[in-house]
Amino acid sequence: MKVSVVVCTYSPEAFDHFVDAANSVLAQTHDDVELVVVVDGDETLAERVRARYGTHDAVRIHCNDENRGLSASRNVGIDLASGDVVAFMDDDAVAHPDWVERLVACYRDHDAVAAGGRMAPRWVAGEPAFLPAEFYWLVGVTHRGFPTEACEVRNTFGSNISFRREVFEEVGVFEPDLGRAGEKNLQGEETEFAARVRRQFGQGVWYDPDAVVEHKVFDYRTDPRWLFERAFWQGYSKRVMADVLPDDGEDPGGDVDEESAFLRRLAFEFGPERLRGLVRRPRRAEALQFVTLGALTATVGVGYLYATLDRLR
């Protein structure tokens, strides 16, 4: 089974991190891996990529004529990919050597249409004491509350997800109205796409927690202002997604149900558990995390409400 891994990049300042990502793909234990690089509108950066990898037989390189955003760039990568499976990884992530091998095993052993794995943190600036593990998803890391055993899920993170080629032939590609593009910070393109896949194939994404990709968490991503802005846009994106997803009655509440279940666990399990821990043994770090947990949850709600009002204008 040939696997094409699409890595999109756009920032010259992040070139060294991109090299780490690309090298981790080319060092996979699986023996049939293709790296597809899409440079989003920076020809100078594309030349640096070509100088580094242009003679490598397993690498395909494309440069968009302008900055088109992450979803559109991934769609270009899908068109360029020649693999039986198309996987996606960010340019600031590093895959474990057996990542692709484990994804292939998911397809082989479970007849999956999609497969993904766990995002582990690589704390470049140190782990922030105030950030609760329930909100690690804000920094692109698998959070508390996500399954810890292999199973079928709605979707995994966009830096550790893959699909059989025929999936794109059946349901299309990523929705360009979602995903990062310029100043727009909408999120959820993988969630929306996975919802379409489930409607078409009746399956979600097979999740293997041992198929690991590490996500570099830089200092700016541990800044509270950045985290709260991202939480706001996450809530906003959920509202946009409700409009983007087709309302065909076949999958009522499909996307909302999983978020609602997570919110219920926050309200009735994780939050009370943290509060009981504070009562038994007060600690400053745990108190900060408890407060942050509530504040971030509220910020997601504000983003959703704002988007609702914004889209009624």
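The values are calculated or read from the model by the stated rules, or taken from the named source; none is laboratory data. Keep in mind that this is a model prediction, so the values were computed, not measured. Using ideal geometry, Cβ is built from the backbone for each residue, glycine included, and neighbour counts are taken over all protein chains shown.
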Check: In segment 119-126, is there at least one residue being over 21 Å from SER162 (Cβ atoms), touching a Ser or Thr at 6+ places or on another chain (Cβ under 7 Å) and surrounded by fewer than 22 Cβ atoms within 10 Å (Cβ to Cβ)?
Finding: yes
Item checked: Counted residues, segment 120-136 - those being out of contact with any Gly (no Cβ under 9 Å at 6 or more places or on another chain) and not in a loop (DSSP other than H, G, I, E, B) -> 5
Margin query: Please pick out the residue among ASP84, ASP65 that is acidic (Asp, Glu) and farther than 26 Å from GLU101 by Cβ.
Written below: ASP65
Next item on the list: Being among the charged types (D, E, K, R), under 29 Å from GLY294 (Cα atoms), buried (at least 18 other Cβ atoms within 10 Å of the Cβ) and in contact (Cβ under 8 Å) with a residue 60 or more places away in the chain narrows it down to one of GLU134, GLU175, GLU149, so name that one.
Entry: GLU134
Check: Does segment 291-310 hold any residues that are over 25 Å from the mean Cα position of the chain (by Cα) and not aliphatic (A, V, I, L, M), and which are they?
Finding: ASP310
Next item on the list: Filter segment 155-178 down to the residues that are under 10 Å from the mean Cα position of the chain (by Cα) and part of a loop (DSSP other than H, G, I, E, B), then identify the one that is modelled with the highest pLDDT.
Entry: ASN160
Next item on the list: Determine which member of the set THR292, THR297, THR308 is of a type in the set (Ser, Thr, Tyr), over 19 Å from SER237 (Cβ atoms) and part of a helix (DSSP H, G or I).
Entry: THR292
Check: If you scan segment 198-213, which residues turn out to be surrounded by fewer than 23 Cβ atoms within 10 Å (Cβ to Cβ) and either in a helix (DSSP H, G or I) or under 16 Å from the mean Cα position of the chain (by Cα) (or both)?
Finding: ARG198, ARG199, GLN200, PHE201, GLY204, PRO209, VAL212
Item checked: Members of segment 1-54 found to be basic (Lys, Arg) and either within 21 Å of the chain's Cα centre (by Cα) or not in a loop (DSSP other than H, G, I, E, B) (or both), listed by number -> ARG48, ARG50, ARG52
